[in-house]
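Asker: Take this structure first; my questions come after.
The values are calculated or read from the model by the stated rules, or taken from the named source; none is laboratory data. Values in this document were obtained by computation on a predicted structure and should not be read as measured data. All Cβ positions, even for glycine, are placed from backbone atoms using ideal geometry, and neighbour counts span all protein chains on display.
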Amino acid sequence: MAHYDYAGTSVFVAGGTSGINLGIADAFARAGAKVAVMSRSTERVDAAVRQLSRHGRKTLGHAGDVRDIDQVRAAMQVAHDAHGPFDVLVSGAAGNFLCPALDLSPNGFKVVIDIDLIGTFHVMRAGFDFARRPGASFINISAPQSVSPAPMQVHVCAAKAGLDQIMRVLALEWGEHGVRVNSIMPGPIEGTEGLSRLLTETERPQFESRVPMRRVGQKEDVANMALFLGSPLASYVTGALIPVDGGVSLLGGRNYAGTPAPTPRD
Ligand code: COA
Ligand code: NAP
């Protein structure tokens with residue numbers, strides 16, 4: 001498939017060492033960008049860099065936790081020094097598990113808020129200082145839980161709704177700097193940790209029969225939207241929450257979470 005030529009551009013993907021986010025990083029590298037990724041595990045960072053390097057562009061990775069803004073800044077400094085100001089910044093680190101609110105400890109709630117919500121603010125805020133201005137495109141990875149309340153997902157619903165409000169406020173404040181800020185809302189995506197945590201293989205056929213497009217998505221479906229948002233084709237798009245979900249967000253949260261009756265964890 002033909003894409004906008006990203007040759008010479010600099011892309012940073014927070015949480016870009018696995019799943020959907022690695023798919024996005026890979027798509028940018030394939031389209032010619034210099035790509036930097038960051039996540040907690042050094043092994044994952046090294047493996048992602050090996051994968052991305054196959055496209056023949058400059059690639060680097062740096063271990064860091066989005067919950068610590070100093071670690072975010074350190075990783076961005078390395079990427080900025082090697083690749084230049086960020087043309088595209090993706091914030092996709094997240095944590096998720098199914099748990100009814102009555103069984104969720106305060107720390108269980110907090111850990112998802114810390115990674116998804118506060119981590120996103122860290123990535124956006126630190127990223128502004130390293131971004132190409134004007135011209136940069138910031139992309140958050142949201143989820144249907146941002147708009148559809150889902151049982152056993154009180155932590156994720158709160159975090160993703162909050163990060164989309166961060167996105168909208170920053171779009172308002174940073175438009176004058178020529179920085180666009182948007183969110184992609186993926187639906188259930190094949191072969192990912194997130195989907196395996198929400199849906200069992202047994203539940204999947206019944207779930208897929210309810211998806212308007214009658215299938216789960218592919219990582220490429222999400223990456224293609226990121227390639228669009230990062231390009232001049234989207235130069236007037238900011239403050240948008242864009243579903244890439246085959247219509248799943250039209251169904252409401254109970255359909256997304258799969259299991260309607262909350263059950264405590266083992
Ligand atoms: N059900 C209920 N509570 C859970 C839980 C579960 N399945 N998994 C973790 N928790 C609670 C822990 O019990 C702990 O609370 P406590 O101190 O009161 O016992 C709290 O969450 C923090 O857990 P911890 O394991 O210390 O956090 P961590 O920082 O090591 O890991 C997670 C963060 C829990 C989000 C972990 O699942 C993770 O790293 N996820 C990343 C991958 C992922 O979720 N991918 C899907 C993205 S959609
Ligand atoms: P994944 O494979 O588990 O990817 C999560 C990534 O974030 C990993 O690279 C992980 O690497 C990193 N990460 C986690 N915590 C971090 C932290 N504190 N600091 C830095 N990096 C951290 O998940 P996925 O299923 O592909 O989901 C990716 C994104 O898509 C998430 O934002 C998720 O909410 C969203 N989404 C997913 C689906 C789906 O169907 N999968 C649907 C809707 C939305 P380390 O472990 O090395 O830190």
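Asker: Go through the stretch 155-174 and give me each residue that's surrounded by fewer than 19 Cβ atoms within 10 Å (Cβ to Cβ) and charged (D, E, K, R).
Answerer: Those that are surrounded by fewer than 19 Cβ atoms within 10 Å (Cβ to Cβ) and charged (D, E, K, R): R168, E173.
Asker: Picking from A75, A82, A136, A93, which residue would you name as being aliphatic (A, V, I, L, M) and over 18 Å from T9 (Cα atoms)?
Answerer: Testing whether each residue is aliphatic (A, V, I, L, M) and over 18 Å from T9 (Cα atoms) leaves just A93.
Asker: Given the options V11, V90, V37, name the one that is touching an Asp or Glu at 6+ places or on another chain (Cβ under 8 Å) and closer than 18 Å to A226 by Cα.
Answerer: V11 is the lone residue from the list that is touching an Asp or Glu at 6+ places or on another chain (Cβ under 8 Å) and closer than 18 Å to A226 by Cα.
Asker: Let me ask something else about it. If I filter the stretch 80-91 for residues that are within 14 Å of ligand 2 (Cβ to nearest atom), among the aromatic types (F, W, Y) and in contact with a Lys or Arg (Cβ under 7 Å, 6 or more places away or on another chain), do I get at least one hit?
Answerer: Among the residues of the stretch 80-91, not one is within 14 Å of ligand 2 (Cβ to nearest atom), among the aromatic types (F, W, Y) and in contact with a Lys or Arg (Cβ under 7 Å, 6 or more places away or on another chain), which makes the answer no.
Asker: Based on what the data block shows, is L89 over 24 Å from G135 (Cβ atoms), among the aliphatic types (A, V, I, L, M) and outside any loop (DSSP other than H, G, I, E, B)?
Answerer: no
Asker: Give the residues of the stretch 84-123 that are of a type outside the set (D, E), within 20 Å of A29 (Cα to Cα) and over 13 Å from the mean Cα position of the chain (by Cα), sorted by residue number.
Answerer: G84, P85, F86
Asker: Go through (1) modelled with pLDDT under 95; (2) part of a helix (DSSP H, G or I) one by one and return the number of the condition P149 breaks.
Answerer: (2)
Asker: Just give me the residues in the stretch 86-96 being among the β-branched types (V, I, T) and within 16 Å of ligand 1 (Cβ to nearest atom), in sequence order.
Answerer: V90
Asker: Right, here's the next one. Within the group G191, G127, which residue is assigned to a helix (DSSP H, G or I), small (G, A, S) and within 16 Å of ligand 2 (Cβ to nearest atom)? It would help to see each step written out before you state the result.
Answerer: Numbers: G191 fails: assigned to a helix (DSSP H, G or I).
Selected residue: G127, the only one of G191, G127 that is assigned to a helix (DSSP H, G or I), small (G, A, S) and within 16 Å of ligand 2 (Cβ to nearest atom).
Asker: Among the residues of the stretch 94-114, what is the count of those that are outside any helix (DSSP H, G or I) and under 17 Å from L198 (Cα atoms)? If you could, list the steps in order and put the result at the bottom.
Answerer: Filtering the stretch 94-114 for residues outside any helix (DSSP H, G or I) gives 94-100, 104-105.
Then keep just the ones that are under 17 Å from L198 (Cα atoms); that gives 94-100, 104.
Counting residues in the stretch 94-114 that are outside any helix (DSSP H, G or I) and under 17 Å from L198 (Cα atoms) gives 8.
Asker: Right, something else. Could you check D129 against (1) at pLDDT 95 or above; (2) crowded, with 17+ Cβ neighbours inside 10 Å and say which number it fails?
Answerer: Among (1) at pLDDT 95 or above; (2) crowded, with 17+ Cβ neighbours inside 10 Å, the lone unmet condition for D129 is (2).
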